[in-house]
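The values are calculated or read from the model by the stated rules, or taken from the named source; none is laboratory data. Only a predicted model underlies this, so the values are computations on that prediction, with no experimental measurement involved. Note: ideal-geometry Cβ built from the backbone for every residue, glycine included; neighbour counts use all protein chains shown.
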Amino acid sequence: MATLRAERLYKVFGRRPDEAVAQLESGADREELRASGTTAAVIDASFTVEEGQIFVVMGLSGSGKSTLLRMLNGLLEPTAGRVLFDDDDLTVLSPKDLREVRSRKISMVFQHFALFPHRSVLENAAYGLEVQGVPREERIRRATEALEMVGLAGWEKSWPDELSGGMQQRVGLARALATDADMLLMDESFSALDPLIRRDMQDQLLQLQKRLKKTIVFITHDLNEAMRLGDRIAVMRDGQIVQIGTAEDILVTPANDYVASFTQDVDRSRVLTAGAIMAEPSEALGSKTDDGTTLRTEQDVLAAAPATVPESTPIIELFRPCSLSGVAVAVTDDDGALVGVVTRARLLAVLGEPDAGPDGARPPAGDTPDAPQAVKKVITGA
């Protein structure tokens, strides 16, 4: 089981780092230490990444996310705390054993490709296997397979400077995949790419993940990217993790104003799912179909629904069925049983933004906000 656990990790740069950790544990803040010439880059970070999960760490520049990532594979030694991978404590391994872990169990994909300009695409993809001492014939075979997985079949003999930025990043990803490591660490791996290429790489990663089920820690400063890729997301600020949760958790119940400020511009329709916003099936009982038939049972709801969708369906896909009928969309589990409904009113309420009153105040929690007129038009056709 390729499970990763970080336990109370600290990383302090400067004089007397152990004393600084003690001060932080006693309640001192980052700015107090900075005044004395000490920088607390990561403060008391704890989390677990389960096997096959994409765990995204996001935050602005200086939040400590890249420092945290480098402690996970021993490139930086924690000032305090432990990193456990497959129940092995990486913080107590000898340098030799740590290099062995990095070459065989944990691969890293860098932001700026890190390709060797004097090696071909195939040789770059095979480099990690060369470090492992894998025989040439096998490493060529495995590197060729990895390049095919990332869509670069036929480019094996090319040189890095003959490739676009997106293609170069695919080579870096292929190099990590070729080693068949249990875990991938990706440090803002797509941030240097143009927006269209970046989205294409996100698609590529998600497709590969469906097939390979790797354990991935992905660093980004882009919340939309985090929400698109992450099974779980950790938000960092000033060296601390301020919230961990699913994309829906962070969007619907932000831990504080800082997290909420990130989410205000997120396209909720692509993040929230039918399962996150559905009401109990009973909410549809008693309503009438377009021909005036009253829905009295859950089977009536299923039969009359303009669409039946699984819980994982993004709500953007509910716009059209909600516009076709006044009957609620039916939401079902893996066995096809009715578990909830999404009405047109509920969809509008979730997508809407509360309008500020004359004094700038927002409506109380629980009030139904008005949806933006453009969204209303898409859903209702009005």
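Quick look at the values:
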| item | result |
| --- | --- |
| All positions within the stretch 211-229 that are within 21 Å of Arg104 (Cα to Cα) and within 8 Å of the chain's Cα centre (by Cα) | Phe218 |
| Test for Val341: is it more than 16 Å from Glu248 (Cβ to Cβ), outside any strand (DSSP E or B) and among the β-branched types (Val, Ile, Thr) | no |
| Of residues in the stretch 262-297 being of a type in the set (Asp, Glu) and at pLDDT below 90, the one surrounded by the fewest Cβ atoms within 10 Å (Cβ to Cβ) | Asp291 |
| Test set (1) surrounded by 14 or more Cβ atoms within 10 Å (Cβ to Cβ); (2) in a loop (DSSP other than H, G, I, E, B); (3) small (Gly, Ala, Ser); (4) more than 29 Å from the chain's Cα centre (by Cα) - Gly52 fails condition number | (4) |
| Boolean, Arg8 is assigned to a strand (DSSP E or B), basic (Lys, Arg) and out of contact with any helix residue (DSSP H, G or I) (no Cβ under 8 Å at 6 or more places or on another chain) | yes |
| Of the criteria (1) without any contact (Cβ under 8 Å) to a residue 24 or more places away in the chain; (2) part of a helix (DSSP H, G or I); (3) more than 18 Å from Arg344 (Cα to Cα); (4) not aromatic (Phe, Trp, Tyr), which one Ala303 fails | (3) |
| Meets criteria (of a type in the set (Lys, Arg), closer than 29 Å to Glu50 by Cα, touching a Phe, Trp or Tyr at 6+ places or on another chain (Cβ under 9 Å) and at pLDDT 90 or above) for Arg142 | no |
| Enumeration of residues in the stretch 131-150 that are out of contact with any Ser or Thr (no Cβ under 9 Å at 6 or more places or on another chain) and of a type in the set (S, T, N, Q) | Thr144 |
| Residue ID - farthest from the chain's Cα centre (by Cα), chosen from residues in the stretch 274-295 that are of a type in the set (S, T, N, Q) and in a loop (DSSP other than H, G, I, E, B) | Thr293 |
| Subset of the stretch 40-99 (residues that are touching a residue at least 60 places away in the same chain (Cβ under 8 Å), small (Gly, Ala, Ser) and in contact with a helix residue (DSSP H, G or I) (Cβ under 7 Å, 6 or more places away or on another chain)) | Ala40, Ala41, Ala45, Gly59, Ala80 |
| Count of residues meeting criterion [exposed (fewer than 15 other Cβ atoms within 10 Å of the Cβ), modelled with pLDDT of 90 or more and touching a strand residue (DSSP E or B) at 6+ places or on another chain (Cβ under 9 Å)] in the stretch 173-217 | 1 |
| Cβ-Cβ under 6 Å pairs, at least 6 apart or on other chains, the stretch 191-216 side without any contact (Cβ under 8 Å) to a residue 40 or more places away in the chain, far side surrounded by fewer than 17 Cβ atoms within 10 Å (Cβ to Cβ) | Leu193/Gly165 |
| Of the criteria (1) of a type in the set (Lys, Arg); (2) surrounded by 13 or more Cβ atoms within 10 Å (Cβ to Cβ); (3) assigned to a loop (DSSP other than H, G, I, E, B), which one Lys157 fails | (2) |
| Scan of the stretch 337-372 for residues that are under 28 Å from the mean Cα position of the chain (by Cα) and at pLDDT 80 or above, ordered by number | Val339, Gly340, Val341, Val342, Arg346, Leu347, Leu348, Ala349 |
| Residue tally, condition in contact with a helix residue (DSSP H, G or I) (Cβ under 6 Å, 6 or more places away or on another chain) and either within 17 Å of Val56 (Cβ to Cβ) or polar (S, T, N, Q) (or both), over the stretch 231-241 | 4 |
| Single match in Leu122, Leu98, Leu163 (criterion: more than 29 Å from the chain's Cα centre (by Cα), over 24 Å from Lys210 (Cα atoms) and surrounded by fewer than 23 Cβ atoms within 10 Å (Cβ to Cβ)) | Leu122 |
| Count of the stretch 231-261 residues which are among the acidic types (Asp, Glu) and at pLDDT 90 or above | 3 |
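Results for (1) within 25 Å of Thr220 (Cβ to Cβ); (2) out of contact with any His (no Cβ under 7 Å at 6 or more places or on another chain); (3) in a helix (DSSP H, G or I), shown as yes or no for each residue.
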position	(1), (2), (3)
Thr67	yes, yes, yes
Gly81	yes, yes, no
Glu100	no, yes, yes
Ser107	yes, yes, no
Leu115	yes, yes, no
